[in-house]
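As structure tokens, the structure follows; a few thoughts come after it.
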Amino acid sequence: AARLHDLLAPHADQCVLIGTRSACRGSVALYAGLMARVAGRSHDAIAHFERATRANARLRALPLLARTQLETAQALAERDAPDDRVRAHELLSECAELYQGLGLHHRNEEIDRLRMRLASGSGAGS
């Protein structure tokens, strides 16, 4: 994951396009953030996710925006620095609203589990 992060990071301002622009998978920063998170680099992951949030919002890629918000909330919960829980709760509310508005309910359980984890005070490792 660390090696993949290092390969993706220089391209974080770009979008993933499949084929001849027939499908867009959103900001490369999302995937760089995922790799940073798996590699235990929470600070880098959060920075990438924040960049991906802005890019996916500009693209109006709402499902990808919601996923990025959820990934950011998870990284914040794992880092558990001051104010991380408050920001994670905000992001969970935003992504849950987006998913609901899109009629996508496949992440509801994941969102609820993270909310419970944050409420119980067990950020990292739970």
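Here is the figure for the range 1-28: residues that are more than 13 Å from A52 (Cα to Cα) and in contact (Cβ under 8 Å) with a residue 40 or more places away in the chain total 0. Count of the range 95-111 residues, restricted to those that are open to solvent by less than 80 Å² (accessible area, probe 1.4 Å) and assigned to a helix (DSSP H, G or I), is 9. Looking only at residues in the range 47-59 that are under 15 Å from L8 (Cα atoms) and of a type in the set (A, V, I, L, M), the one that is least open to solvent (accessible area, probe 1.4 Å) is A52. One residue stands out in the range 5-37 among those that are open to solvent by 90 Å² or more (accessible area, probe 1.4 Å) and touching a helix residue (DSSP H, G or I) at 6+ places or on another chain (Cβ under 8 Å): the one that is nearest to L64 (Cα to Cα), namely R25. Taken over the range 60-86, the criterion of being in a helix (DSSP H, G or I) and closer than 21 Å to Q14 by Cα is satisfied by L62, P63, L64, L65, A66, R67, T68, Q69, L70, E71, T72. Among the residues of the range 112-122, not one is buried (at least 19 other Cβ atoms within 10 Å of the Cβ) and outside any helix (DSSP H, G or I). Restricting attention to the range 74-88 and to residues that are in contact (Cβ under 8 Å) with a residue 24 or more places away in the chain and more than 13 Å from the chain's Cα centre (by Cα), the residue that is nearest to L34 (Cα to Cα) turns out to be R79.
The values are calculated or read from the model by the stated rules, or taken from the named source; none is laboratory data. These numbers come from a predicted model, not from an experiment. Don't worry about glycine lacking a Cβ; one is built from the backbone with ideal geometry, like all the others, and counts go over all protein chains shown. Areas reflect the complete protein model, heavy atoms only, side chains present, ligands, DNA and RNA absent. Shrake-Rupley method; radii C 1.70, N 1.55, O 1.52, S 1.80 Å.
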